[in-house]
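**Q** Sending over a structure as structure tokens; questions will come in a sec.
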Amino acid sequence: MRKTDKIRKKIIVPHLKEIREYFDLNQSDFAEFLGIEQNYFSRYENGIHEFPDELKIKLIDIIMSKYEKRININWFLTGEGKMFLSEKDMEASQLDKIKNKVEEKLEKIEAQITEVRNFLKEINS
């Protein structure tokens, strides 16, 4: 058995059921929630087929928009941490995203400044 199969069966599969039961949904309702047929969801929840990444993302997005809860991706994929991120965790995550965007923009600005300096050196030479 491949390592990814073990992870899927030991961690992701039980977490699908745990999330579904947390929101008090049966497989049919949960499948409809994800826009798939119940028999497909049953195969994912029972570990017969791998739960696709696209559906993982869709699940996380739907739960956030419908229930205003953010699934902890680390918990979902590794079993570590709590099922949902707290408001504090979400705020920290948002701040990290903003920080990363600002750093990216600063890098672009610094690159542009370097280009201008190099251009000015060429002109003055």
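The values are calculated or read from the model by the stated rules, or taken from the named source; none is laboratory data. All values reported here derive from a predicted model rather than from experimental measurement. A quick note on method: Cβ atoms are made from the backbone with ideal geometry, for glycine too, and the neighbour counts reach across all protein chains shown.
**Q** Scanning the stretch 3-33 for residues that are in contact with an Asp or Glu (Cβ under 8 Å, 6 or more places away or on another chain) and basic (K, R), which turns out modelled with the lowest pLDDT?
**A** My answer is R8.
**Q** Also, I was wondering about something else. Of all residues in the stretch 35-61, which are farther than 22 Å from K10 by Cα and surrounded by 14 or more Cβ atoms within 10 Å (Cβ to Cβ)?
**A** Within the stretch 35-61, I36 is the sole residue that qualifies.
**Q** Next question, about the same structure. Can K99 be described as at pLDDT below 85 and surrounded by fewer than 10 Cβ atoms within 10 Å (Cβ to Cβ)?
**A** Criteria not met by K99.
**Q** Then there's this: Which one is surrounded by the most Cβ atoms within 10 Å (Cβ to Cβ), of the residues in the stretch 62-88 that are in a helix (DSSP H, G or I) and basic (K, R)?
**A** Among them, the one singled out is K66.
**Q** Going by the structure shown, is I63 at pLDDT 90 or above and of a type outside the set (F, W, Y)?
**A** The answer is yes for I63.
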